[in-house]
Amino acid sequence: MKMKKYTADTMVQAMEKIRQDFGEDSVILSSTIVQSKGILGLFKKKSVEVVAGYDEPISPKEKTVPLFTEHVKRDSGQEAMIDELKKEMKEMKQLLKANHAPFEFHQYPEEMQALLTRLSAQELNDATIQKIASEIFARMKAEKVDFTADEQKKIAREILKEELADLPFGGVHFKKKYVNVLGPTGVGKTTTIAKIAARSLIENKRKAGFVTTDTYRIAAIEQLRTYANLLQAPVEVAYNDTDFKEALKNLSAKDIVFIDTAGRNYKEKKFVEDLKKLIDFKLEMESYLVLSATTKESDMRSIIDQFLEFPIKQFIFTKLDETETFGPVFNLLRDYNMGIAYVADGQEVPEDLEEATVEKILTLLLEEGAHA
Ligand SMILES: Nc1nc2c(ncn2[C@@H]2O[C@H](COP(=O)(O)OP(=O)(O)OP(=O)(O)O)[C@@H](O)[C@H]2O)c(=O)[nH]1
Ligand SMILES: [Mg+2]
């Protein structure tokens, strides 16, 4: 690799010169801001010095790697086939590049590195980072100035917000009679439904009851009873679909009924089927899929996939206090086109729950030390 130094008024201008000379294949090795002395201390001027690294172009001799030695005569059929193969190989290479190349941001000015590095560490998807990077870069070029960190963040926020446009955030109004929580084991379903119930009782003064269908663990029933007792609300236990109908009948005088379900490994189809049999989702019901923000993105995806056949209204993300990586949450919202009702950030009932907003999610993604 060779190096060359560039001086320009702004980072963007320097980058443009480098690109003109070496295209996309150059790497920024360093950049410094230099202050010219000016005349008698007047007319001081700021400029940027950038050192770019580039690979030397391959000499024409090396470049032509013949498929066959020159003296082998090829008939025109072979020639056409080789051309076709070459074309296909080129297309395949491009495809591979587009789909699998990790997003590379060293090609962007140093001013942008902090933001791009953060978004990447947040595990935001590459396509969105790429979109943000090229938009910031394009606007800097158009305005011929280097943007400050805050200005860049503002643009990133706009783009992120646009990607989540129209998704429902918050907005739980307790208008439907039945509210239920679904999800894998230990994500905080019971704790969360207790938090939601407490809130609905405190804020909306509704008469509430609980049903639990989690009869696999003895402690699960007791856990829900403890919360229900504090709220002076009855608990019904449903072992099967007949019990479930009976439980709802017993609670028919209540304004709102909160239904807790068992955490199971829903990657197993059998558990999904059991759940479908047990709960009548055709009722006037709001179902929330509870996920822990600490779960690996790929695992969350396979869980969500199992729940696509349920009428899930929104996600609830718990354990925001146990992670600092929020890109996966964003990626899932965007890819599944699903909003968030609540986020939970601790074990305290009912305090550690808040209605989700798009701004909250974006702040978690963009702001260092912004905690749930
Ligand atoms: N740090 C943290 N812990 C939480 C949060 N929500 C729930 N927990 C804890 O996670 C553990 C499991 O919570 P549960 O409410 O029992 O979870 P669940 O999904 O009902 O579990 P199963 O019914 O066994 O599937 C408990 O120790 C909760 O206190 C949260 O937002 N942050
Ligand atoms: Mg539970």
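Every read-out reported here was derived from the displayed coordinates using simple, explicitly stated rules and does not represent laboratory data. Quantities reported herein were computed from a predicted structural model and do not represent experimental measurements. No Cβ is skipped: glycine too gets one built from the backbone with ideal geometry, and neighbour counts run over all protein chains shown.
Worth a mention:
- Cross-link reach list, aspartates and glutamates versus Lys5, counting only Cα pairs under 14 Å and skipping chain neighbours closer than eight places: Glu16, Asp21, Glu49
- Degrees separating the helix 327-336 axis from the principal Cα axis of the chain, which is the longest one: 80
- Label zone at Leu283, where the point sits 7 Å out along the Cα-to-Cβ direction: the stretch 201-226 residues whose backbone N lies under 17 Å: 207-215
- If you run the Gaussian network model on the chain, springs between alpha carbon atoms under 10 Å, then out of Gly186, Gly346, Gly23 the most flexible one is Gly23.
- Each residue, Ala219 and Asp321, gets one label point 7 Å from its Cα in the Cβ direction; the gap between the two is 1.9 nm.
- Order of Thr128, Thr294 under a 10 Å beta carbon neighbour criterion, fewest first: Thr294, Thr128
- When only Cα pairs below 8 angstrom with a gap of at least 6 residues are kept, the chain shows a relative contact order of 17 percent.
- Annotation: the antiparallel percentage among DSSP beta bridges lying fully within the chain is about 40.
- Each Lys or Arg adds one and each Asp or Glu takes one away; over the other residues whose Cβ falls under 13 Å from the Cβ of Gln306, this sums to 0.
- Counting only alpha carbon atoms, the long axis of helix 126-143 and the longest principal axis of the chain meet at about 50°.
- Theoretical FRET efficiency, 1/(1+(r/R0)^6), r = Cβ-Cβ of Glu104 and Leu308, R0 35 Å, to 0.05: 0.55
- The distance linking the stretch 109-149 with the stretch 249-328 is 35 Å (Cα centroid to Cα centroid, whole angstrom).
- Degrees, to the nearest 10: 11-22 long Cα axis against longest axis of the chain: 60
- Charge tally for Gln223 (other residues, Cβ to Cβ under 12 Å; Lys, Arg +1; Asp, Glu -1): 0.
- Among Asp260, Asp166, a tally of other beta-carbon atoms within 10 Å of each Cβ gives an order, fewest to most, of Asp166, Asp260.
- Among the listed pairs Lys205/Lys276; Lys46/Lys141; Lys4/Lys144; Lys245/Lys313, those whose Cα-Cα separation exceeds 20 Å are Lys205/Lys276; Lys4/Lys144; Lys245/Lys313.
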